[in-house]
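Read through the structure below, which is laid out as structure tokens, and then see the notes.
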Protein chains: 2
Amino acid sequence: MAETAGKQECFVGIDLGGTKILAGVFSPKLKCLGKTKMSTKAQRGPEAVIQRIAKCLRDAVDECDLELKNVKGVGIGAPGAVDPETGNVIFAPNLGWHDIPLKKELEKLLDLPVFVENDGNICALGVYEAELKSKPSHMAGVFIGTGIGGGLILNGQLHSGHNRTAGEIGHMVLEVNGPKCSCGNRGCFEALASRLAIFHRIQSGVKDGQKTILTDILRDDLTDLRSGDLRKAVRRKDKFVERIIEQAAEHIGIAVANLINLINPDVIVLGGGVINALEDEMMPIIIKKAKEHALSGTSKGIEIIASQLGDNAGIVGGAVLARTRTK
Amino acid sequence: MAETAGKQECFVGIDLGGTKILAGVFSPKLKCLGKTKMSTKAQRGPEAVIQRIAKCLRDAVDECDLELKNVKGVGIGAPGAVDPETGNVIFAPNLGWHDIPLKKELEKLLDLPVFVENDGNICALGVYEAELKSKPSHMAGVFIGTGIGGGLILNGQLHSGHNRTAGEIGHMVLEVNGPKCSCGNRGCFEALASRLAIFHRIQSGVKDGQKTILTDILRDDLTDLRSGDLRKAVRRKDKFVERIIEQAAEHIGIAVANLINLINPDVIVLGGGVINALEDEMMPIIIKKAKEHALSGTSKGIEIIASQLGDNAGIVGGAVLARTRTK
């Protein structure tokens with residue numbers, strides 16, 4: 001690769017979330033050179049958030065002793081429906097955004113090429129390029145965090161579909177008439193197995209008088225419950241929390257079986273905060289349930305694994321997107 | 001195209017079902033030159049069934065005043081898990097088949113190249129090639145008959161997946177803890193909306209004292225209930241049957257929404273006996289429910305249509321398979 005001003009060329013990946021912004025600087029071979037984190041402050045409005053993204057990126061680049069002119073491209077994962085052609089965020093409920101020209105505004109601030117994708121797609125891309133050495137033909141990524149996102153790699157390429165919104169596995173209905181989902185439907189996968197779904201189940205159990213050490217760790221209303229708290233409770237043998245985590249893992253297993261029956265990918269990768277925190281507890285249940293539920297003969301040889309990229313999946317994926325698009 | 005012995009070259013498509021075998025002879029441009037039908041007689045065992053397939057094919061070819069030497073290739077859709085490489089039927093519950101070398105045995109009998117695929121995949125291929133003039137990039141086919149089959153065309157190609165079993169949409173779980181499915185799981189799409197699921201619901205209603213004109217048309221135990229009987233009942237304003245058909249259509253709509261959220265194809269085509277018989281009644285409900293359940297913005301411009309190929313989807317698809325593989 002050519003070098004600019006004697007310094008390495010690099011790509012920046014940005015993971016824009018409802019609560020935090022992560023920026024990572026990567027070499028063309030996807031080595032992480034440095035990263036920064038900043039709160040999103042969505043309540044200040046889109047303009048302020050876009051300025052914070054630019055600041056987070058500048059800080060990350062400076063942290064690596066590089067300059068903006070070393071950056072060949074920027075890839076961003078946004079939490080919602082995105083038009084990757086225009087780089088507009090069509091709808092991002094966690095940010096309260098409707099039709100925000102993220103690419104255009106950020107390019108104005110940075111004078112760099114910016115590429116925008118859905119965050120689930122970006123994470124899938126990151127896992128595929130940076131983590132899967134075998135480069136399978138077909139991969140499905142399922143990311144269990146506050147919500148549930150996903151992305152499909154088919155024939156080695158990110159599959160976007162007609163409206164470029166494919167991979168919304170979180171809103172696959174698994175239980176008609178199940179619990180209400182933020183999207184307005186009932187029984188979506190996200191309403192059954194996301195961190196928020198787990199939280200609601202714990203909260204309603206506590207209201208009904210269930211005992212849990214979570215009320216010792218946190219306050220009685222369980223505000224600020226994080227995936228790490230769930231891990232603590234399970235590791236301390238909190239039966240109530242254990243059962244709820246088990247139920248969530250069973251639902252994840254059924255969703256994975258649906259992917260096996262429908263798409264039959266070579267590899268299914270699970271990631272996101274809930275899986276990162278509870279991999280040892282949840283993965284055996286997920287795999288068992290998925291194999292039980294997949295049609296006889298359809299799951300043979302299909303790998304179901306947990307991503308080890310943790311929080312980095314989004315920023316690596318952003319760098320991959322930028323690298324691909326600036327080629 | 002070259003011609004053999006002054007006669008047109010042709011391809012034969014065969015739809016092997018649990019109750020009947022259909023064979024169709026097609027020109028290279030997929031014009032149907034003739035077809036024949038025969039009962040399967042699965043109870044006589046695989047060898048007898050394979051001989052019946054060969055007979056059905058010979059009769060169809062003779063019907064068109066052609067000879068076996070005019071046939072360039074044969075494509076068969078089998079109801080179950082198939083290995084398209086070896087042409088073995090791995091498992092076909094409706095036929096009671098396990099590991100049957102269909103391709104090998106039929107090639108021995110006919111001395112013609114034979115290609116085998118899953119019947120849902122074959123129907124999707126037939127609809128895509130013979131019916132969709134616009135040749136969309138991505139299509140999902142959903143076939144509602146005795147069971148529910150499906151097939152995915154992605155980037156213009158049949159998507160087979162890791163174990164070549166992709167497209168098993170009938171076993172996508174839509175209702176955890178829902179009614180028992182023939183596959184052993186609960187709440188599969190097939191257990192909620194297939195002709196058999198509809199039949200079970202009607203039967204149990206009748207047992208509970210529900211009145212329906214179906215018991216006039218058929219016997220009290222409703223043996224031999226066909227999709228055409230359901231149409232008759234609905235057209236005669238049988239409220240009980242109307243409500244059950246409506247529920248099935250709602251479940252189909254939710255399954256279609258899952259496909260939109262997950263794969264976001266350009267076109268979703270519905271077919272099979274139930275849709276053929278009740279298109280006018282079911283399609284408006286399916287489309288409404290699908291658009292309601294798909295995430296905001298994801299269903300824009302996606303066509304949801306009923307196939308007009310009827311029973312011919314499988315035989316056309318078989319001819320398409322044979323044409324593709326003998327190229």
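Below, the figures for the structure above:
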item: Residue check, residue B:272 more than 11 Å from every other protein chain (Cβ to nearest Cβ), surrounded by 23 or more Cβ atoms within 10 Å (Cβ to Cβ), closer than 23 Å to residue B:137 by Cα and in contact with a Cys (Cβ under 6 Å, 6 or more places away or on another chain); result: no
item: Verdict on residue A:267 being closer than 21 Å to residue A:200 by Cβ and β-branched (Val, Ile, Thr); result: no
item: Tally, over region A:84-97, of residues that are in contact with a strand residue (DSSP E or B) (Cβ under 9 Å, 6 or more places away or on another chain) and either more than 15 Å from residue A:48 (Cα to Cα) or in the same structural domain as residue A:184 (by TED's automatic domain parsing) (or both); result: 8
item: Meets criteria (away from chain B (no Cβ under 11 Å), assigned to a loop (DSSP other than H, G, I, E, B) and under 18 Å from residue A:14 (Cβ atoms)) for residue A:112; result: yes
item: For residue A:296: the one exception among (1) within 12 Å of another protein chain (Cβ to nearest Cβ); (2) in a loop (DSSP other than H, G, I, E, B); (3) closer than 18 Å to residue A:140 by Cβ; result: (3)
item: Sole residue being farther than 28 Å from residue A:176 by Cβ, surrounded by 17 or more Cβ atoms within 10 Å (Cβ to Cβ) and out of contact with any Ser or Thr (no Cβ under 6 Å at 6 or more places or on another chain), chosen from A:231, A:219; result: A:231
item: Region B:174-184, residues that are surrounded by 21 or more Cβ atoms within 10 Å (Cβ to Cβ) and farther than 20 Å from residue B:274 by Cα; result: B:175
item: Given (1) surrounded by 14 or more Cβ atoms within 10 Å (Cβ to Cβ); (2) touching a residue at least 12 places away in the same chain (Cβ under 8 Å); (3) β-branched (Val, Ile, Thr), number of the condition residue A:19 does not satisfy; result: (1)
item: Those residues of region A:294-324 which are within 20 Å of residue B:82 (Cα to Cα), at pLDDT below 95 and of a type outside the set (Gly, Ala, Ser), in sequence order; result: A:295, A:298, A:300
item: Some residue of region B:164-171 being more than 7 Å from chain A (Cβ to nearest Cβ), touching a residue at least 60 places away in the same chain (Cβ under 8 Å), crowded, with 24+ Cβ neighbours inside 10 Å and out of contact with any Leu (no Cβ under 9 Å at 6 or more places or on another chain); result: no
item: Set B:294, B:277, B:319, B:257: member being crowded, with 19+ Cβ neighbours inside 10 Å and not assigned by TED's automatic domain parsing to the domain that holds residue B:231; result: B:319
item: Any chance residue A:202 is touching a residue at least 60 places away in the same chain (Cβ under 8 Å) and in contact with a helix residue (DSSP H, G or I) (Cβ under 7 Å, 6 or more places away or on another chain); result: no
item: Per-region count, region A:186-207, residues farther than 11 Å from residue A:245 by Cα and of a type in the set (Ser, Thr, Tyr); result: 1
item: Selected residue (criterion: surrounded by the most Cβ atoms within 10 Å (Cβ to Cβ)) from residues of region A:185-200 that are closer than 17 Å to residue B:256 by Cα and not aromatic (Phe, Trp, Tyr); result: A:188
item: Residue list for region A:299-327, restricted to those being assigned to a loop (DSSP other than H, G, I, E, B) and away from chain B (no Cβ under 12 Å); result: A:307, A:308, A:309, A:310, A:311, A:326, A:327
item: Condition met for residue B:132 (within 11 Å of chain A (Cβ to nearest Cβ) and either touching a residue at least 60 places away in the same chain (Cβ under 8 Å) or surrounded by 24 or more Cβ atoms within 10 Å (Cβ to Cβ) (or both)); result: no
item: Residue among A:184, A:170 that is part of a loop (DSSP other than H, G, I, E, B) and outside the structural domain of residue A:14 (by TED's automatic domain parsing); result: A:184
item: Every residue from region B:26-35 that is surrounded by fewer than 21 Cβ atoms within 10 Å (Cβ to Cβ) and in contact (Cβ under 8 Å) with a residue 24 or more places away in the chain; result: B:28, B:30, B:32, B:33, B:34
item: Some residue of region B:59-66 being free of Cβ contacts under 8 Å to residues at least 60 places away in the same chain, more than 22 Å from residue B:316 (Cβ to Cβ) and of a type in the set (Asp, Glu); result: no
item: Residue match in region B:225-241 (condition: over 20 Å from residue B:275 (Cα atoms) and out of contact with any Pro (no Cβ under 6 Å at 6 or more places or on another chain)); result: no
item: Any chance residue B:264 is part of a loop (DSSP other than H, G, I, E, B), surrounded by fewer than 24 Cβ atoms within 10 Å (Cβ to Cβ) and within 13 Å of another protein chain (Cβ to nearest Cβ); result: no
item: Positions within region A:196-216 being of a type outside the set (Ser, Thr, Tyr) and part of a loop (DSSP other than H, G, I, E, B), in sequence order; result: A:208, A:209, A:210, A:211, A:213
item: Qualifying residue in region B:93-101 (condition: at pLDDT 95 or above and outside any loop (DSSP other than H, G, I, E, B)); result: yes
item: Index of the failed condition, residue B:152 passing every other in (1) in a loop (DSSP other than H, G, I, E, B); (2) at the interface with chain A (Cβ under 8 Å from one of its Cβ atoms); result: (1)
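The values are calculated or read from the model by the stated rules, or taken from the named source; none is laboratory data. Every value quoted in this text rests on a predicted model; they were computed, and no experiment measured them. Because the Cβ atoms are built from the backbone with ideal geometry, glycine has one as well, and the counts that use them run over all protein chains shown.
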